[in-house]
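*Asks:* Dumping the structure here so I can ask a few things about it.
Every number in this text was worked out from the coordinates using simple rules, so none of it is lab data. Just so it is clear, the model here is predicted, and its values are computed rather than measured. Neighbour counts run over all protein chains shown; Cβ positions are idealised from the backbone, glycine included.
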Amino acid sequence: MQPRPLVRAASLKGYQEIARASGLDPVRMMADAGLDPSALDEPDLMIPAYRVSRLLEESATRSGVESFGLRMAETRHLSNLGPVGMVIRDQPTLRDSLTVLIRYHAALNGALAVTIEESAGVVVIREDVLVGDDIEVRQATELAIGVLLRLMRQVLGAAWHPRRVCFMHAAPRDTRTHVRVFGACVEFKHDFNGIVCSGDELDTVNPSADLAMARYAERLLDVALPTLSATKVNEVRRTVLLLLPSGRCSIEQVANHLGVVCRTVQRHLAGHGLSFSEVVNAQRLELSTRYVKHSARPLNEVAALLGFGASSGFSRWYQSQFGCSPSQSRAEARSKLPRAEPGQR
């Protein structure tokens with residue numbers, strides 16, 4: 001069984017203020033989600049990511065504020081990332097800052113998978129939240145991408161807008177907060193979650209970079225976080241997530257992507273009691289639950305996103321895992337949704 005991912009308690013920065021402004025009692029909400037409210041006073045404390053996602057989703061539901069996570073993102077600064085934020089701040093270019101974020105993101109949020117894809121001068125920065133449970137992650141995803149945008153604007157300027165900001169989930173009823181934060185380029189029901197920009201923008205020079213300070217901070221961080229170099233499970237998970245839709249998610253492809261041999265991948269996973277097939281299956285289980293139960297995405301598209309060459313193969317796998325077909329599972333999930341009152345849309 002894969003270990004449950006953890007996230008720094010600093011991920012809840014701004015929660016109390018947004019909750020109160022939305023008519024909620026933050027202490028009661030955190031307790032109901034299984035989180036100790038005192039964690040807000042310990043930003044470096046690692047807490048279960050699935051409970052944070054549950055808290056954000058329940059807060060959005062009870063308050064009726066669909067942009068709850070995004071509003072939290074508006075309160076963020078690089079300092080909220082702790083020592084990693086210092087290293088990011090002093091990198092020579094935005095590309096270097098994002099490379100540092102990917103390198104150390106496991107110390108900030110073990111549930112966050114960040115990948116950068118570049119082709120013909122166009123860059124796609126994907127962010128996916130994987131908490132390992134049947135829990136909606138809409139709010140956590142919008143929070144993560146909102147924070148990423150703020151990081152990029154540290155270098156590119158507060159008025160900068162990306163080419164596109166993409167979300168896999170459907171649009172909220174009220175998109176004003178999203179347009180205010182991201183601009184008119186925000187899109188929903190997309191194939192991925194992330195930000196699209198140009199390669200030239202990634203290579204923008206950071207005028208406030210302090211290379212000596214960055215190197216010094218990285219050395220301190222590497223000493224303080226020795227497990228990052230020893231634990232590669234999150235890197236394997238992130239690479240599996242990237243390669244699944246291509247249909248090329250073999251251990252050979254993952255090892256090649258990470259620049260190691262297959263036995264190295266196997267050794268890292270075995271150290272956590274895992275096999276490669278278990279990691280792939282766990283990713284498929286979480287993503288299939290999300291796409292089948294919590295989206296209207298066509299099932300043949302879901303099959304492709306999970307790396308199945310044909311819908312029939314996906315259906316057989318889903319039946320073996322859940323004891324029913326994807327269509328039956330989706331119908332059951334929809335039957336449990338609250339019915340709209342007469343006169344409501």
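*Asks:* What percentages make up the Cα-Cα pair-distance distribution of segment 231-335 when the bins are 10 Å wide from 0?
*Replies:* P(r) over segment 231-335, rounded to whole percents: 15, 45, 27, 12, 1.
*Asks:* If you consider only alpha-carbon coordinates, what radius of gyration and Dmax does segment 66-211 have, in Å?
*Replies:* Final numbers for Rg and Dmax: 14.5, 45 Å.
*Asks:* Here's a follow-up. Would you mind working out the magnitude of the charge dipole of the chain relative to its Cα centre, with +1 at each Lys and Arg C-beta and -1 at each Asp and Glu C-beta, to the nearest 20 Debye? Each step should come with its number before you reach the end.
*Replies:* Working: 41 positive and 37 negative charges, 135 e Å.
Value, rounded to 20: 640 debye.
*Asks:* Now for a separate question. Would you list the P(r) distribution for segment 131-190, with all Cα-Cα distances sorted into 5 Å bins from 0 and each bin expressed as a whole %?
*Replies:* 4, 17, 28, 26, 14, 8, 3, 1
*Asks:* Top mean-square fluctuation among Ala333, Ala19, Ala33, Gaussian network model of the chain, C-alpha springs under 10 Å?
*Replies:* Ala333
*Asks:* In what sequence do Leu55, Leu24 fall when counting other Cβ within 10 Å, fewest first?
*Replies:* Values: Leu55 25, Leu24 19.
So the ranking, lowest neighbour count to highest, is Leu24, Leu55.
*Asks:* Now a separate question. List, largest first, the extents of the alpha carbons of the chain along their principal axes, each in whole Å.
*Replies:* The Cα atoms of the chain stretch 59, 52, 42 Å along the principal axes, largest first.
*Asks:* Ranking Val205, Val196 by Cβ neighbours within 10 Å, fewest first, what do you get? Mind showing how you got there, number by number?
*Replies:* Numbers: Val205 9, Val196 19.
Sorted ascending by nearby Cβ count, the order is Val205, Val196.
*Asks:* Which value in nm describes the separation of the simple spin-label points at Asp25 and Ser295, placed 7 Å from the Cα toward the beta carbon?
*Replies:* 3.7 nm
*Asks:* Based on DSSP H runs of at least 4 residues, each adding -39500 (n - 2.57), what is the mean residue ellipticity at 222 nm of the chain after dividing by all its residues, to the nearest 500 deg cm²/dmol? Display every interim value, and only then the final one.
*Replies:* Working: 18 runs with 180 residues, N = 345.
Per the formula, -15500 deg cm²/dmol.
*Asks:* Find how many whole Å separate the alpha carbon centroid of segment 139-205 from the alpha carbon centroid of segment 16-92.
*Replies:* About 19 Å separates the Cα centre of segment 16-92 from the one of segment 139-205.
*Asks:* Let me ask something else about it. Along the positive direction of the dipole of the chain (beta-carbon charges: Lys, Arg +1; Asp, Glu -1; about the Cα centre), which of Ser208, Val254, Ala304 reaches farthest?
*Replies:* Checked the options; the winner is Ala304.
*Asks:* Taking amide hydrogens as modeled 1.01 Å from N in the peptide plane, which residues meet the under 5 Å criterion relative to Val122, leaving out close sequence neighbours?
*Replies:* Gly199
*Asks:* Additional query: Exactly which trypsin sites (Lys or Arg not before Pro) in segment 158-194 are in a DSSP loop and have at most 10 other Cβ atoms within 10 Å?
*Replies:* Values: sites: Arg163, Arg164, Arg173, Arg176, Arg180, Lys189; in loops: Arg163, Arg173, Lys189.
Listed in order of number, the matching sites are Arg173.
*Asks:* Could you put Met213, Met46 in order, starting from the residue whose Cβ has the fewest other Cβ atoms within 10 Å? Can you show the working numbers first?
*Replies:* Values: Met213 13, Met46 16.
Starting with the residue having the fewest Cβ neighbours, the order is Met213, Met46.
*Asks:* Mind listing which GluC sites (Glu not before Pro) in segment 257-323 are in a DSSP loop and have 15 or fewer other Cβ atoms within 10 Å? Walk me through the numbers before you get to the answer.
*Replies:* On the way: sites: Glu278, Glu286, Glu301; in loops: none.
Passing both the DSSP loop test and the Cβ count: no residue.
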